[in-house]
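Below is one structure, written out as structure tokens, with a few remarks after it.
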Amino acid sequence: MATITKRDYYEVLEISKTASGEEIKKAYRKKAIQYHPDKNPGDKAAEEKFKEAAEAYEVLSNENKRSRYDQFGHAGVGGAAGGFDGGFSMEDIFARFGDLFSEGFGGSFTGGFSNFGGFSSGAGRRVNRGSDLRVKVKLTLKEIATGVEKKLKVKKYIACPYCKGSGAENEQAHSTCPTCKGRGHVTRVVNSIFGQMQTTTVCPDCQGEGKVITKKCPHCYGEGIVKDDDIITINIPAGVAEGMQLSIREKGNAARRGGINGDLLVVIEEEIHPELIRDQQDIIYNLLLTFPQAAMGSTVEVPTLDGKAKITVEPGTQPGKVLRLKNKGLPSVNRYGTGDLLINIAVYVPENLTKEQKEVLASLEKEPNFQPTNSVKEKIFSKFRSIFD
Ligand SMILES: [Zn+2]
Ligand SMILES: [Zn+2]
């Protein structure tokens, strides 16, 4: 178990060691309102502070516990004595102290539930949400270039077709929850040092639904969901890249006994192209010319994302030269511009030569125009150096 260093309770509430009961209550109320989940939706740090303040208040507001804390510190109120092993849950805090700080949050206590733990606002009713479903989709560069519609077969939880997700055998197989009388929440009166406090929590028997199932659906055993194959059509935008995740709202698993579906998360995988290499929005092709093609110039065909293109190689083209076909790369997924097709020139040197060929080449080797000039040397060198910049 992790050791958590607890802050001093007086420090947490920012009060002196001699603070009166009224001062403690006021200080706690201030903290609880400051870190209230309605004011800090989704903020984990605020939630921790909210819990920390409640714990400090729980101890310091009780004379017995406070005197033990003053003498022995956290050890005096921890474990069995204090019961803070796991800390307070948010629900505990609202149930115990909600009345102290619920004013200003819609007046009613149930308003305090609106932003955490999946409770909908108002009725204090829990909204179920299905889990997210993650699938991988493999795309070719060509598909990425244009965007593509894909039909995916996925196995997922869908609402039970027999009971339409209710979990009950039929319409009559429901009855009003006897615990909460259909209200979805229960109100309890708790005695505290401030006198009697009325607190409201989600009904433990119907989880806030207000009704209970008397006869479960035999197909889903009362769950309201069954596993089935589903075909989902998704439109993948142009320009996506390996590892990107598209989130398609509410196409994931259905929620238990009705509610909101989870999301479908589509993870993009890129199929390796046999000839083209992707560099963000640019596409790179390595063109291997023969020595005569490079020396005499030629017209050659190069592959592109959508077919082929003819390019002209000027006489005397050096290896390492890069030709650029504008806008023949990939579009940006954000629709800002399109990349280019970069053609990197390489020159093939014959690996085997006949006796006659050797004689021809030997006779040419000494020709002055077969010697690289300084300007060509510098050009090739600067190109080479730029690779390492
Ligand atoms: Zn069912
Ligand atoms: Zn109930």
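The values are calculated or read from the model by the stated rules, or taken from the named source; none is laboratory data. This is a predicted model, so every value here is computed, not measured. Positions of Cβ are backbone-derived with ideal geometry, glycine not excepted, and every protein chain shown enters the neighbour counts.
In the stretch 348-366, of all residues being acidic (Asp, Glu) and within 18 Å of Ala294 (Cα to Cα), the one that is nearest to the chain's Cα centre (by Cα) corresponds to Glu351. Of the residues making up the stretch 166-214, just one is within 34 Å of the chain's Cα centre (by Cα), among the charged types (D, E, K, R) and either closer than 23 Å to Val59 by Cα or more than 16 Å from ligand 1 (Cβ to nearest atom) (or both), namely Asp205.
One residue alone among Thr304, Thr338 is without any contact (Cβ under 8 Å) to a residue 60 or more places away in the chain, of a type in the set (Ser, Thr, Tyr), within 30 Å of Leu246 (Cα to Cα) and in contact with a Lys or Arg (Cβ under 7 Å, 6 or more places away or on another chain), and that residue is Thr304. For the criterion of being within 18 Å of Ser131 (Cα to Cα) and out of contact with any Lys or Arg (no Cβ under 6 Å at 6 or more places or on another chain), Gly252 passes. If you filter the stretch 283-334 down to residues that are among the small types (Gly, Ala, Ser) and more than 19 Å from Ala238 (Cα to Cα), you find that the one that is surrounded by the fewest Cβ atoms within 10 Å (Cβ to Cβ) is Gly316. Restrict the check to the stretch 218-226 and report whether at least one residue is out of contact with any Ser or Thr (no Cβ under 7 Å at 6 or more places or on another chain) and closer than 25 Å to Arg183 by Cβ. Yes; the residues of the stretch 218-226 include at least one that is out of contact with any Ser or Thr (no Cβ under 7 Å at 6 or more places or on another chain) and closer than 25 Å to Arg183 by Cβ.
For the stretch 146-187, which residues satisfy the criterion of being touching a strand residue (DSSP E or B) at 6+ places or on another chain (Cβ under 7 Å), over 21 Å from Leu264 (Cα atoms), outside any loop (DSSP other than H, G, I, E, B) and not β-branched (Val, Ile, Thr)? Hits for the stretch 146-187 are Ala168, Ala173, His174, Ser175, His185. For the stretch 176-193, taking the residues that are under 20 Å from Asn128 (Cα atoms) and either away from ligand 2 (no atom under 11 Å from the Cβ) or in contact (Cβ under 8 Å) with a residue 24 or more places away in the chain (or both), the one that is surrounded by the most Cβ atoms within 10 Å (Cβ to Cβ) is identified as Cys180.
For beta carbons closer than 6 Å, sequence separation of 6+ or different chains, a first residue in the stretch 194-211 that is at positive phi and a second that is away from ligand 1 (no atom under 16 Å from the Cβ), the qualifying pairs are Gln207/Arg126; Gly208/Arg125; Gly208/Arg126; Gly208/Gly184; Gly208/Val202; Gly210/Cys177; Gly210/Gly182; Gly210/Gly184.
This table checks each residue for (1) farther than 16 Å from Thr201 by Cβ; (2) at pLDDT 50 or above.
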residue	(1), (2)
Gly73	yes, yes
Ser89	no, yes
Gly124	no, no
Leu139	yes, yes
Val148	yes, yes
Gly167	yes, yes
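Of all the listed residues (Glu242, Glu209, Glu223), the sole one being of a type in the set (Asp, Glu) and surrounded by fewer than 16 Cβ atoms within 10 Å (Cβ to Cβ) is Glu242.
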